[in-house]
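Everything below concerns the one structure shown next.
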């Protein structure tokens, strides 16, 4: 039998990790590779340290979520206090003080009249919950045929079944995942750089939004339950919709009696320079999903916020047929409350807007590179799109040597991020000016090295 407590030295930990850890989205033996996953042991602010003592700028906030930064003792203290009082209660039998406090807090800060919360363990569960709520809403309102859900191509909403089904990314379309949920449909994204209609804004008159309306009409509105979309699509390469898009889509959904689900799992809690990305467009979804920045990753928690007209469908005997063991976990709710305290108390939403503007300004200077096709960002979520040819916008192969070299260049300069055809940047909201400038400097250097190696410079 292995003495787990003896797994304290570097070599033993790496060996055990390779033997016993199946990495998410990586080959089983990724830990054994020199270029594989790191073993991180410590973090403070935007900096994380690995087991070898190397320090990195966490330019993706873990996975778009460590909004308040690493090493926040006050969140750990809040969790410890609640764990020592009451760690868990089944949400089917009762609720807890932290859950009530958090739900009330969210009702105050979320867009419009989203006043009722349903808690779960993370983003994928939040999407599953939102879809179930939408379908049951229509069922209780006498429209049981409203089951279809329209997502957008290129979007990613999670790794569970319904979430994968409404996602439109290649990562979830592999043959070993299908067939997907019946009734999951996909429309064009509002990607002005790569418009599916080969049109230009504003002369396009928002064809990407109108296509969703056409799909609803084609499918028969009486069969469509909801449209689901991120205000800013991260997986699509930080796609920021053009002016008027969300107003048009809101009007389309209202016209056809279709619920609009706004996915704020990545966008929410200050990431975009406002508390929620929806605030940029005065958008109020009928249902809104959240997770990630809700607790900044200090505890697994997600949630769904619903407007009163949605909740009216569940009055009387029409209960919500949906339950999750860890929904409304008291310790996770305490963590989320402490997290929101930090976001509001330290002005991190405002810092996100200011540092985001500085980041975007720095990244815009990278357009001089022959392989930088586009730069996009709002608040502290930004992307640099890398292309073979600026004129044709031809992409590099995601598995090609150019992208691999770019990723290696970023990592060798101690920057943790996601490097593909789009360099995604989403650092903690507590980032400083010097740290922002360092991210831009690293991106510039890594792109330069890749271009020189493959003859683009």
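The values are calculated or read from the model by the stated rules, or taken from the named source; none is laboratory data. The shown structure was predicted, so the numbers you read here are calculated from the model rather than taken from an experiment. Cβ coordinates were reconstructed from backbone atoms using ideal geometry, including for glycine residues, and neighbour counts include every protein chain displayed.
Does residue 193 satisfy being part of a loop (DSSP other than H, G, I, E, B), touching a strand residue (DSSP E or B) at 6+ places or on another chain (Cβ under 7 Å) and surrounded by fewer than 17 Cβ atoms within 10 Å (Cβ to Cβ)? So residue 193 passes the test.
Would you mind stating whether residue 267 is modelled with pLDDT under 95 and under 26 Å from residue 358 (Cα atoms)?
No, not satisfied.
Tell me whether the stretch 368-378 contains one or more residues that are part of a helix (DSSP H, G or I) and assigned by TED's automatic domain parsing to the domain that holds residue 64. Yes, that holds for at least one residue. Residues in the stretch 292-325 that are more than 21 Å from residue 74 (Cβ to Cβ) and in a loop (DSSP other than H, G, I, E, B): 307, 315, 316, 317, 318, 319, 320, 321, 322, 323, 324, 325.
Within the stretch 132-158, which residues are in a helix (DSSP H, G or I) and within 25 Å of residue 282 (Cβ to Cβ)? Answer for the stretch 132-158, where residues must be in a helix (DSSP H, G or I) and within 25 Å of residue 282 (Cβ to Cβ): 133, 134, 137. Determine, yes or no, whether residue 251 is within 30 Å of residue 328 (Cβ to Cβ), assigned by TED's automatic domain parsing to the domain that holds residue 110 and modelled with pLDDT of 95 or more. So residue 251 does not fit the description; no. Quick one: in the stretch 413-436, which of the residues that are at pLDDT 95 or above and more than 22 Å from residue 71 (Cβ to Cβ) is surrounded by the most Cβ atoms within 10 Å (Cβ to Cβ)? Within the stretch 413-436, the match that is surrounded by the most Cβ atoms within 10 Å (Cβ to Cβ) is 423.
Restricting attention to the stretch 42-94, the residues that are crowded, with 16+ Cβ neighbours inside 10 Å, modelled with pLDDT of 95 or more and assigned to a loop (DSSP other than H, G, I, E, B) total 9. Screening the candidates 165, 124, 155 for the property of being in the same structural domain as residue 254 (by TED's automatic domain parsing), without any contact (Cβ under 8 Å) to a residue 24 or more places away in the chain, touching a helix residue (DSSP H, G or I) at 6+ places or on another chain (Cβ under 9 Å) and buried (at least 19 other Cβ atoms within 10 Å of the Cβ) yields one hit, 165.
Is one or more of the residues making up the stretch 440-452 part of a loop (DSSP other than H, G, I, E, B), over 20 Å from residue 57 (Cβ atoms) and either modelled with pLDDT of 95 or more or out of contact with any helix residue (DSSP H, G or I) (no Cβ under 7 Å at 6 or more places or on another chain) (or both)? No: zero hits. On inspection, residue 394 passes the criterion of being touching a strand residue (DSSP E or B) at 6+ places or on another chain (Cβ under 6 Å) and farther than 24 Å from residue 243 by Cα. None of 215, 164 is farther than 27 Å from residue 363 by Cβ and at pLDDT below 95 except 164.
Go over the candidates 391, 316, 345 one by one and state the one that is free of Cβ contacts under 8 Å to residues at least 60 places away in the same chain, surrounded by fewer than 17 Cβ atoms within 10 Å (Cβ to Cβ) and on the phi > 0 side of the Ramachandran plot.
Exactly one of 391, 316, 345 is free of Cβ contacts under 8 Å to residues at least 60 places away in the same chain, surrounded by fewer than 17 Cβ atoms within 10 Å (Cβ to Cβ) and on the phi > 0 side of the Ramachandran plot, namely 316.
Screening residue 328 with (1) in contact with a helix residue (DSSP H, G or I) (Cβ under 6 Å, 6 or more places away or on another chain); (2) surrounded by fewer than 23 Cβ atoms within 10 Å (Cβ to Cβ); (3) within 25 Å of residue 72 (Cα to Cα) gives one miss only, at (2).
Taking residue 142, is it surrounded by 24 or more Cβ atoms within 10 Å (Cβ to Cβ) and at pLDDT 95 or above? It is false that residue 142 is surrounded by 24 or more Cβ atoms within 10 Å (Cβ to Cβ) and at pLDDT 95 or above. Might you check whether a residue that is assigned to a loop (DSSP other than H, G, I, E, B) and farther than 21 Å from residue 252 by Cβ occurs anywhere in the stretch 159-166? Yes; the residues of the stretch 159-166 include at least one that is assigned to a loop (DSSP other than H, G, I, E, B) and farther than 21 Å from residue 252 by Cβ.
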